[in-house]
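The block underneath contains the structure these notes are about, expressed in C-alpha cells.
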Amino acid sequence: MIDITATQRKEKTNAQLEQQRMTKITIARGDGIGPEIMDATLSILEAAGAEIETEEIEVGEKVYLSGNSAGISNEAWEVIRRNKIFLKAPITTPQGGGYKSLNVTTRKSLGLFANVRPCTSLHPFVSTKHPNMDVVIIRENEEDLYAGIEHQQTQEVVQCLKLISVPGCKKIIRYAFEYATAYDRKKVTCFTKDNIMKQTDGLFHKVFDEIAMDYPQIESEHWIVDIGAAKLADTPEAFDVVVMPNLYGDVLSDVSAQIAGSVGLAGSANIGKECAMFEAIHGSAPRRAGQNMANPSGLLQGAIMMLNHIGQSAVAEKIQNAWLKTIEDGVHTYDIYKEGISKQKVGTKEFAQAVIDNLGENPNTLSAVSYGDETLIHIPHYQRQKAPKKELVGVDIFVDWGGEYPGDLAHKLQMLNNDSVELTMITNRGVKVWPNGFDETFCTDHWRCRFTGKKEKQIDKKDIVSILQQSILMEIDTIKTENLYTFDGNRAYSLGQGQ
Ligand code: NAD
C-alpha cells in the first residue's frame, strides 16, 4: 500500500481538478500547410490559457496512400467520437478516383449538419473592395449533391443524385434563425434555384418560408442563387446571415471569404447535436507547405469558434482581440501583405508570436469583440409528421438507346402499354422529345420514358414489373426506374421541359 501524505493528497486533488477543468479535444495536423498552421494555432491557445487537452489522430493523405480509401482508420473514428470536439487542419485528397472526401464523410457521419462561416472585412488593415462586409454563411452540410451518389448507365451520360430532405431543411434553416437570434443579427436570407429545381430547392425554400414565420423580429428574404451570388459578390453589405443548400454554400463561402480579404482568414464550424468539428475554410495549399509562409488565421478562427462552443468564451475573446490587434498593427503574412497598408511581412511562426505578444490587448480601430457567456444553439428534435396519402400514378423508365428518332423509340415502347398504363412522354436530358418534339433538339443515348396510369388513375407496382419484364423480352435496355407519386393528391415529380 502506498501511503500518501496530506500534501501529496492535496496535490493529487489539484491535478484531478485541473484534469476535470480541461476539455479533451481531438486534433489532426493534416497535410500541406496543415501541421504549420496547427502548431501556430495551438501555441496561441496555450499562451492564452485555453483549458484543453489534445489527443492527436492521423488522417488524410498518408492514410489514403496506405490503402485506406476513406483516409481515416477505425481507431481514429473512435477517438473523434469519444472526445466529440475535433480541431482539424486541412488535408489533401489525392487526385484520381477511388478516394472519398474525408471532410464530407466526417461531416455526414457525425451528423454535423450546420457549417457556419463568418466572413468579415478588416478594413482598412486588409485590402478589400467591401469595407463594411460582415456576412455569415450558414451552409447545409449533410445532403444535396454531396450525397455523392453518382452513376454511369449509358455510354454517354453520368448522373449525380441531388437529395434534399425535410429534416435536413428544417434543421439548417431553424439553426440559421436561432444563430441570428443568438448573435443579434437582423436578417436571414435564403439562396436556392427553385425556379429550376422545383422539388429539391423548392422544398428548401418552402421550409424557409415556414420557419421564418416563427421569427417575426428577424427580416427574411429569398434570392435565386445566381443573382443572389452576383449581389453578394458585388454588395455584400446588403446581407447578414445567408442560409443555403450544400453546394451553393460551399462555393459562396469561399467567394465571401476571398472578397472579405483572403480565404486564408476565414474559419469554419461544423456543428451537430453530439459532435462538432472546427477548421479553416481553405485547403492544404501544398505549394506553400513547409516554408513558414501560410496564414494560420483561418484555423485560428475555427479554434476561436471551438472555444466559444465549449464554453471558454473569455479565452476566445482574448485571442480574437489579440488577433485583431495584430492585423491592425500591420503584421501580415504574404497572402494579405500589401505595400502601403501592411507594416511587416511575417511567416506563420512570427505571426503566431505577434498574436501571443498581443494577448490582453484590444484593437484600437477595429471593433473589439465581447462574447459574453457561451451561446449554445439548441434545435428541437425532429418529429416526423402524420404520413400524407401517397399514390403511385406512373413510372419513368430510363432506357439506353442509341437510335436517333424518338418516334422510333416511342413506337417500340408503346408495345409495352397495358390495360392500366400507357407511354405518355419521352424526354432526353429532361426536354420533351416525344410526342411533338423538335428536330433541333440534341439527343444522347439516355432516354426517360414516362408511363402513367390510364385516365390519370393510380397504378400498381405489378404494372411496373410487367413493363420491365416485357422490355427484357423485347431487348429494350432499361437502366433504371423512378416511381411517380402524388402526396395528398399533389404531383410530386417534375414535368418534362416543354411538356
Ligand atoms: P487551397 O485552399 O488549399 O489553396 C488555394 C490557394 O489559396 C493556395 O495556393 C494559396 O495561394 C492560398 N491559400 C490557401 N490557404 C492559405 C493560407 N492559410 N495562407 C496563405 N495562403 C493560402 O485550395 P486547393 O489548392 O484547391 O486545394 C489543395 C488541397 O486541399 C486539395 O487536395 C483539396 O482537396 C484540399 N482541400 C481540403 C480542405 C479541407 O481539408 N477542409 C478544403 C478545401 C480543399
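The values are calculated or read from the model by the stated rules, or taken from the named source; none is laboratory data. Since the structure is predicted, the reported quantities are computational estimates derived from the model, not experimental observations. Ideal geometry is used to build each Cβ from the backbone, glycine not excepted, and the neighbour counts take in all protein chains shown. The accessibility values were calculated without ligands, DNA or RNA, using every heavy atom of the protein model including side chains. Shrake-Rupley method; radii C 1.70, N 1.55, O 1.52, S 1.80 Å.
Give the residue that is least open to solvent (accessible area, probe 1.4 Å), with candidates limited to residues of segment 25-44 that are of a type in the set (Ser, Thr, Tyr) and away from the ligand (no atom under 14 Å from the Cβ). Lay out the reasoning, then the answer.
So the first thing to find is which residues in segment 25-44 are of a type in the set (Ser, Thr, Tyr), and the list is 26, 41, 43.
Going one step further and asking which of them are away from the ligand (no atom under 14 Å from the Cβ), we end up with 26, 43.
On the way: 26: 0, 43: 44 Å².
Step by step, filter segment 25-44, then rank; the result is 26.
Of these, 466, 471, which one is more than 22 Å from residue 155 (Cα to Cα) and of a type in the set (Ser, Thr, Tyr)? Working first, answer last.
On the way: 471 fails: more than 22 Å from residue 155 (Cα to Cα).
Step by step, each of 466, 471 is checked, and only 466 is more than 22 Å from residue 155 (Cα to Cα) and of a type in the set (Ser, Thr, Tyr).
Name the single residue, out of those in segment 64-105 being part of a helix (DSSP H, G or I) and within 16 Å of the ligand (Cβ to nearest atom), that is farthest from residue 26 (Cα to Cα). So that I can check it myself, show each step before the final result.
Start the filter on segment 64-105 by keeping residues that are part of a helix (DSSP H, G or I), which leaves 64-65, 74-83, 102-105.
This time we only want the ones that are within 16 Å of the ligand (Cβ to nearest atom), so: 64-65, 76, 80, 102-105.
Details: 64: 19, 65: 22, 76: 9, 80: 6, 102: 15, 103: 15, 104: 18, 105: 17 Å.
Residue satisfying both the conditions and the ranking: 65.
Can you give me the ranges of the helices (runs of 4 or more DSSP H) entirely in segment 218-315 with at least 2 residues that are over 30 Å from residue 337 (Cβ atoms) and in contact with a strand residue (DSSP E or B) (Cβ under 7 Å, 6 or more places away or on another chain)? Spell out the reasoning first.
Numbers: elements: 225-234, 246-260, 297-309.
The helices (runs of 4 or more DSSP H) meeting that bar are 225-234, 246-260.
Six or more apart or on different chains, Cβ atoms under 6 Å: show the pairs whose first residue is in segment 133-147 and among the basic types (Lys, Arg) and whose second is in a strand (DSSP E or B).
Cβ pairs passing all conditions: 139/115.
Do you know which residues across segment 276-291 are more than 10 Å from the ligand (Cβ to nearest atom) and open to solvent by 10 Å² or more (accessible area, probe 1.4 Å)? Give the derivation first.
Residues of segment 276-291 more than 10 Å from the ligand (Cβ to nearest atom): 276, 278, 290-291.
Selection gives 290, 291.
Across segment 316-337, which residue is surrounded by the most Cβ atoms within 10 Å (Cβ to Cβ) among those that are hydroxyl-bearing (Ser, Thr, Tyr) and not in a helix (DSSP H, G or I)? Spell out how you get there, then give the answer.
Initial filter on segment 316-337 (hydroxyl-bearing (Ser, Thr, Tyr)): 326, 333-334, 337.
Among the residues that remain, those that are also not in a helix (DSSP H, G or I) are: 333-334, 337.
Details: 333: 23, 334: 15, 337: 18.
Result: 333.
Out of everything in segment 292-308 that is open to solvent by 20 Å² or more (accessible area, probe 1.4 Å) and closer than 21 Å to residue 255 by Cβ, what residue ends up being nearest to the ligand (Cβ to nearest atom)?
Out of the qualifying residues, it is 301.
Can you say whether residue 115 is of a type outside the set (D, E, K, R), part of a strand (DSSP E or B) and within 15 Å of the ligand (Cβ to nearest atom), as far as the supplied structure shows? Steps first, answer last, please.
Values: of a type outside the set (D, E, K, R): yes; part of a strand (DSSP E or B): yes; within 15 Å of the ligand (Cβ to nearest atom): yes.
Yes, satisfied.
List the strands (runs of 3 or more DSSP E) that sit entirely inside segment 390-499 and contain at least 2 residues that are open to solvent by 50 Å² or more (accessible area, probe 1.4 Å). Spell out the reasoning first.
Values: elements: 390-400, 421-428, 431-434, 446-453, 477-487.
Result: 421-428, 477-487.
What pairs come up if the first residue lies in segment 424-440 and is in contact (Cβ under 8 Å) with a residue 40 or more places away in the chain, the second is exposed (fewer than 15 other Cβ atoms within 10 Å of the Cβ) and assigned to a strand (DSSP E or B), and their beta carbons are under 8 Å apart, counting only those six or more places apart or on different chains?
427/497; 430/497; 431/497; 432/497
Would you point out the residue of segment 250-271, among those that are under 17 Å from the mean Cα position of the chain (by Cα) and surrounded by fewer than 19 Cβ atoms within 10 Å (Cβ to Cβ), that is nearest to the ligand (Cβ to nearest atom)?
Kept after step one, since they are under 17 Å from the mean Cα position of the chain (by Cα), are these residues of segment 250-271: 250-257, 263, 266-271.
In the following step, the residues that additionally are surrounded by fewer than 19 Cβ atoms within 10 Å (Cβ to Cβ) were identified as 251, 254-255.
On the way: 251: 12, 254: 8, 255: 13 Å.
By that ranking, first place goes to 254.
Report yes if residue 215 is at pLDDT 95 or above, aromatic (Phe, Trp, Tyr) and in a loop (DSSP other than H, G, I, E, B), otherwise no.
Details: at pLDDT 95 or above: yes; aromatic (Phe, Trp, Tyr): yes; in a loop (DSSP other than H, G, I, E, B): yes.
Answer is yes for this residue.
Condition check: more than 10 Å from the ligand (Cβ to nearest atom) and either open to solvent by 20 Å² or more (accessible area, probe 1.4 Å) or at positive phi (or both). Does residue 247 satisfy that?
Values: more than 10 Å from the ligand (Cβ to nearest atom): yes; either open to solvent by 20 Å² or more (accessible area, probe 1.4 Å) or at positive phi (or both): yes.
Yes, satisfied.
Can you tell me how many residues in segment 92-114 are touching a helix residue (DSSP H, G or I) at 6+ places or on another chain (Cβ under 6 Å) and touching a residue at least 40 places away in the same chain (Cβ under 8 Å)?
Applying the first criterion (touching a helix residue (DSSP H, G or I) at 6+ places or on another chain (Cβ under 6 Å)) to segment 92-114 yields 92, 94, 99, 104, 113-114.
In the following step, the residues that additionally are touching a residue at least 40 places away in the same chain (Cβ under 8 Å) were identified as 92, 104, 113-114.
Number of matching residues: 4.
Those residues that are surrounded by fewer than 18 Cβ atoms within 10 Å (Cβ to Cβ) and aliphatic (A, V, I, L, M), I need them from segment 170-189; list them, please.
Of everything in segment 170-189, just one residue is surrounded by fewer than 18 Cβ atoms within 10 Å (Cβ to Cβ) and aliphatic (A, V, I, L, M), namely 182.
Report whether or not residue 167 is surrounded by fewer than 23 Cβ atoms within 10 Å (Cβ to Cβ), of a type outside the set (S, T, N, Q) and part of a helix (DSSP H, G or I). Don't jump to the end; show me each part of the working.
On the way: surrounded by fewer than 23 Cβ atoms within 10 Å (Cβ to Cβ): yes; of a type outside the set (S, T, N, Q): yes; part of a helix (DSSP H, G or I): yes.
It is true that residue 167 is surrounded by fewer than 23 Cβ atoms within 10 Å (Cβ to Cβ), of a type outside the set (S, T, N, Q) and part of a helix (DSSP H, G or I).
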